[in-house]
Amino acid sequence: MIKDRKGQEEIAGFVLIVVLVSIIFLVILGLFVRGSGKDSAQNSKNVLQFLESSMTYTTDCAINEPNYLTLGELIAKCKTSSGSLCTNDENVCKAANKTIIGLLDSGWVISKEGNYRGYQFKSAVNLSGAMKPFIEISKGNCSGKYLGHNYNIGDVTNSLKVCL
């Protein structure tokens, strides 16, 4: 009778160990899965913060000296009067493109070996329910995964996709 009881205790101990190892495995797996989602959400948040801060960046374009336009104002000016000139005789849309490219290239290093493979920036206006882009800038390869966000200024939607 005593031998039967020792066998039951050993089996109960083995089951207890298996259950504990399974619970620890599930906790580690849950932390790993949740951690990778936070990384992606954080990087997407970085894209939004990049868009927000770049729209307040003061450009080299002034319509009336000494009032230099922010990038957001310059994009809006490009949308409404694309033929306008800055005081330095540069077209407002060309000045916007040049400023956007400079900010994107300094903020997101694009390379085949790096973390980011490319980017796509677009400014579009909503016309009768359809988005009509008036600024489109891209660099690198954007065929795979990406992080992206939109930032609205009035009726202009600025979107950025950073490709991984």
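Annotations
For (1) loosely packed, with under 15 Cβ neighbours inside 10 Å; (2) touching a residue at least 60 places away in the same chain (Cβ under 8 Å); (3) of a type in the set (A, V, I, L, M, F, W, C), each residue gets a yes or a no:
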residue: Thr87; (1), (2), (3): yes, no, no
residue: Gly114; (1), (2), (3): yes, no, no
residue: Ile135; (1), (2), (3): no, yes, yes
residue: Ser143; (1), (2), (3): yes, no, no
residue: Gly148; (1), (2), (3): no, yes, no
residue: Cys163; (1), (2), (3): no, no, yes
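- Segment 128-164, subset small (Gly, Ala, Ser) and at pLDDT below 90, residue farthest from Arg117 (Cα to Cα): Ser128
- Selection status of Ile63, at pLDDT below 90, farther than 28 Å from Cys163 by Cβ, more than 23 Å from the chain's Cα centre (by Cα) and part of a helix (DSSP H, G or I): no
- Residue list for segment 14-38, filter: small (Gly, Ala, Ser) and modelled with pLDDT of 85 or more: Ser22
- Counting only residues that are under 17 Å from Cys93 (Cβ atoms) and touching an Asp or Glu at 6+ places or on another chain (Cβ under 9 Å), segment 115-152 holds 5 of them.
- Positions within segment 103-128 being of a type outside the set (S, T, N, Q) and in a strand (DSSP E or B), in sequence order: Ile110, Tyr116, Gly118, Tyr119, Phe121, Lys122, Ala124, Val125, Leu127
- Within the option set Ile28, Ile75, being under 22 Å from the mean Cα position of the chain (by Cα), of a type outside the set (Ser, Thr, Tyr) and in a helix (DSSP H, G or I) holds for one residue only, Ile75.
The values are calculated or read from the model by the stated rules, or taken from the named source; none is laboratory data. Since we're looking at a predicted model, the values are computed, not measured. Positions of Cβ are generated from backbone atoms using ideal geometry, with glycine treated the same way; all protein chains shown enter the neighbour counts.
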